Amino acid sequence: MSLINGSTRWVLFLSASNEPEDRHIFDLAFGLYCLTTAGINLSDIFIYVDGKNRAWINSIIANGSSTGVTIKESKDFFSDQAANKYENMVMFVTGHGSLSGIDSSLPITPYKMLHCLKSSPNLVKAVVYLGQCYAGTFNYIAAGKKPNAQGVYDPDVIFMGATNLHDSVSSSTTEQFAGGPLAWVANLFLLHVFKWICVPVDVDGDGKFTIMDAYKYAGASSNGLNKNIKARSFVNSIGHHSRWVAAQNAHAAAPTPQNQLALSAIQVQYELELGVLYTHQECWILNSIPAQQIEI
Amino acid sequence: MKLHDILSADMPEIDESIKECVNLGQWLLFKSEMKAGARAEAVFYLKAGSNVFELNEQGKILQKLDRAEEGLEIDELFYFSDLPKPYSLSNAQSNKFAA
């Protein structure tokens, strides 16, 4: 039984120690749009986003579906998982990450996430796409299924990371949403995972659309784009430097709110271009053997 | 959320670099039915990182909201039709790696 046709809980997840960044909320809105476009029932999609302004979060997520959705907070994910009734779970994590784990009021460590999944009742398979920086901290942990003393197996967990022990790469894109085309700075790896779910590609040619195909597709696509983005960023950063100096001078001569904001705007663009130039990204997959059999 | 395209000349009070950030999706230019700042001449809001500014019709900054975007939501989102927008990182484009 494939994931879409089987008993599968689809999770869009953004935890944050402070307020979440809008670009990360847009990542999940695009994910919601792609999941529903792929025919996944809205009642099987669960969204967790931290942040005080729930109306703001709702207004961005609403771009992913014309039908209203319930958005919970990240802490609810763990309690919901403890009452799980689904056989499968597919989870998409965006937001910030560090050596401490996934950014949250209490950082979510690899062990905490793995323990949560392994102890989820009824769960047989879990597939987790990690888009945050330093996702590689979730690699090299005991994710494969194991029997207990009674011979009963715990869930098989597959982790995939956008990047290893590095920052992850995001870039501006314009993509179609439920209400029209929107621009945001998208997480490259997650963007292509979502696109693959909308339009699966049989990368290895075995006649099946598997989680391994999704991994190879998202990895190769984001790596190819990363190379092109770096070349473009090099050229852009040259132009941005002179504009940044000019904006600094303008602000020094007349420190008005308008000039301050203009300086901030060129600085944001300049920093983004420089950041991309020096960010390496290489995806990874843990527990790859079952991933070759699980079909979308 | 309704989407609108406007001309950069419609907001002469803000610098082109700000409009570029809007079109790149780095910053958000929007209208909200919730009037957080309550200045009578406020028409637009600009969310720049974690800061939110009230703008008048021409884009002049009226004030920075003290409590960020609390209570605001995006009812109408604006882009500038005469300035570049990012291309879609579409399936076809991303498949160029295989060529």
Among the residues that make up the stretch A:89-97, is at least one of them touching a strand residue (DSSP E or B) at 6+ places or on another chain (Cβ under 6 Å), farther than 21 Å from A:SER17 by Cβ and either modelled with pLDDT of 95 or more or crowded, with 21+ Cβ neighbours inside 10 Å (or both)?
yes
So, in the stretch B:1-33, how many residues would count as being assigned to a loop (DSSP other than H, G, I, E, B), facing chain A (nearest Cβ under 8 Å) and surrounded by 14 or more Cβ atoms within 10 Å (Cβ to Cβ)?
7
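Rundown of residues vs (1) part of a helix (DSSP H, G or I); (2) out of contact with any Pro (no Cβ under 6 Å at 6 or more places or on another chain); (3) more than 24 Å from A:LEU28 (Cβ to Cβ); (4) more than 10 Å from chain B (Cβ to nearest Cβ), yes/no style:
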{"residue": "A:VAL203", "(1), (2), (3), (4)": "no, yes, yes, no"}
{"residue": "A:TYR215", "(1), (2), (3), (4)": "yes, yes, no, yes"}
{"residue": "A:ALA218", "(1), (2), (3), (4)": "yes, yes, no, no"}
{"residue": "A:ILE229", "(1), (2), (3), (4)": "yes, yes, no, no"}
{"residue": "A:SER237", "(1), (2), (3), (4)": "yes, yes, yes, yes"}
Screening A:PHE194, A:PHE138 for residues that are buried (at least 16 other Cβ atoms within 10 Å of the Cβ), touching a residue at least 12 places away in the same chain (Cβ under 8 Å), hydrophobic (A, V, I, L, M, F, W, C) and over 21 Å from A:ALA16 (Cα atoms) leaves only A:PHE194
Residues satisfying the stated conditions in the stretch A:37-50, i.e. farther than 20 Å from A:ASN84 by Cβ, without any contact (Cβ under 8 Å) to a residue 60 or more places away in the chain and surrounded by fewer than 21 Cβ atoms within 10 Å (Cβ to Cβ)
A:GLY39
Quick test of your reading of the structure: A:ALA247 fulfils all but one of (1) under 14 Å from A:LEU274 (Cα atoms); (2) at the interface with chain B (Cβ under 9 Å from one of its Cβ atoms). Name the failing condition by number.
(1)
Scan the stretch A:1-34 residue by residue and report those that are of a type in the set (D, E, K, R) and assigned to a strand (DSSP E or B).
A:ARG9
Matching residues in the stretch A:243-259 - criterion: being part of a helix (DSSP H, G or I) and surrounded by fewer than 16 Cβ atoms within 10 Å (Cβ to Cβ):
A:VAL245, A:ALA246, A:GLN248, A:ASN249, A:ALA252, A:ALA253, A:PRO257
Out of the stretch A:267-287, which residues are within 14 Å of B:GLU16 (Cα to Cα) and in contact with an Asp or Glu (Cβ under 8 Å, 6 or more places away or on another chain)?
A:GLN269
Return only the number of the condition from (1) more than 27 Å from A:LYS145 (Cα to Cα); (2) of a type in the set (Ser, Thr, Tyr); (3) without any contact (Cβ under 8 Å) to a residue 24 or more places away in the chain; (4) surrounded by fewer than 19 Cβ atoms within 10 Å (Cβ to Cβ) that A:SER100 does not satisfy.
(1)
Can you name the number of the only condition in (1) in contact (Cβ under 8 Å) with a residue 40 or more places away in the chain; (2) touching a helix residue (DSSP H, G or I) at 6+ places or on another chain (Cβ under 8 Å); (3) assigned to a loop (DSSP other than H, G, I, E, B); (4) within 14 Å of another protein chain (Cβ to nearest Cβ) that A:GLY68 fails?
(1)
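I want to confirm something. Restricting to the stretch A:47-56 and keeping residues that are out of contact with any helix residue (DSSP H, G or I) (no Cβ under 6 Å at 6 or more places or on another chain) and closer than 20 Å to B:MET34 by Cα, which single residue is farthest from the other protein chains (Cβ to nearest Cβ)?
Checking each candidate, the answer is A:ARG54.
The values are calculated or read from the model by the stated rules, or taken from the named source; none is laboratory data. Every value quoted in this text rests on a predicted model; they were computed, and no experiment measured them. Positions of Cβ are backbone-derived with ideal geometry, glycine not excepted, and every protein chain shown enters the neighbour counts.
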